[in-house]
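The values are calculated or read from the model by the stated rules, or taken from the named source; none is laboratory data. Only a predicted model underlies this, so the values are computations on that prediction, with no experimental measurement involved. Here the Cβ is made from the backbone with ideal geometry for all residues, glycine too, and neighbour counts use every protein chain on show. Surface areas here come from the heavy atoms of the whole protein model, side chains and all, with no ligands, DNA or RNA. Shrake-Rupley method; radii C 1.70, N 1.55, O 1.52, S 1.80 Å.
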Amino acid sequence: QVQLVESGGGLVQPGGSLRLSCAASGFTFSSAAMSWYRQAPGKERELVAGITSRGGSTEYADSVKGRFTISKDNAKNTVYLQMNSLKPEDTAVYYCKAVAKYSGVIIGGPYWGQGTQVTVSS
């Protein structure tokens, strides 16, 4: 049974930092590409950051480049999103997504977590 469990969300003031975690189970995490998405009220879900299975390549939305960092710990089956210099427009529910791969071929997913709320407000 695949599970993605996000944690680390909360209320933070503008300019502050949060670190989101996504603990994964039920699939071979070391072979999975992972990403973070977010969805603000009334808006579509959007890609925030992504990382390849071994962590060798990352991508970011233009709106978070230089402020957010995605990382992957294959030993702990966990992906992180370090968010610095947070802005009110970063307020959203943040979701973890996994795509299981084998030799570069998608073999499962996408799998989604339940989301964690991030609110940036003074």
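Quick one: how many Å² of residue 52 are accessible to a 1.4 Å probe, rounded to 10?
60
Considering lysine pairs in the chain that are 8 or more places apart or on different chains, how many have Cα atoms under 21 Å apart?
9
Using only alpha carbon pairs under 8 Å that are at least six residues apart, calculate the relative contact order of the chain and give it in whole percent. Spell out each step's value before the answer.
On the way: 306 pairs, mean separation 42.4, N = 122.
Contact order relative to length: 35 percent.
Taking the solvent-accessible surface of protein heavy atoms with a 1.4 Å probe, what is the per residue accessible area of the chain in Å²?
Accessible area per residue: 53 Å².
Want the number for residue 59 to residue 28: 0.36 nm per residue separation, take away the alpha-carbon distance, what's left?
Value of the extension gain: 9.0 nm.
For the stretch 61-100, build the charge dipole from Cβ charges (+1 Lys, Arg; -1 Asp, Glu) around the Cα centre, then report which of 99, 86, 63 sits farthest towards its positive end.
It is 99.
How big is the dipole moment of the chain about its Cα centre under a simple scheme where the beta carbon of each Lys and Arg is +1, that of each Asp and Glu is -1, and everything else is neutral? Debye, nearest 20, please.
Approximately 200 debye in magnitude.
Roll a 1.4 angstrom probe over the protein heavy atoms and tell me the percent of accessible area of the chain that is carbon or sulfur. Intermediate results must be reported in sequence, preceding the final value.
Values: 2970 of 6430 Å².
Here carbon and sulfur together make up 46 percent of the probe-accessible area.
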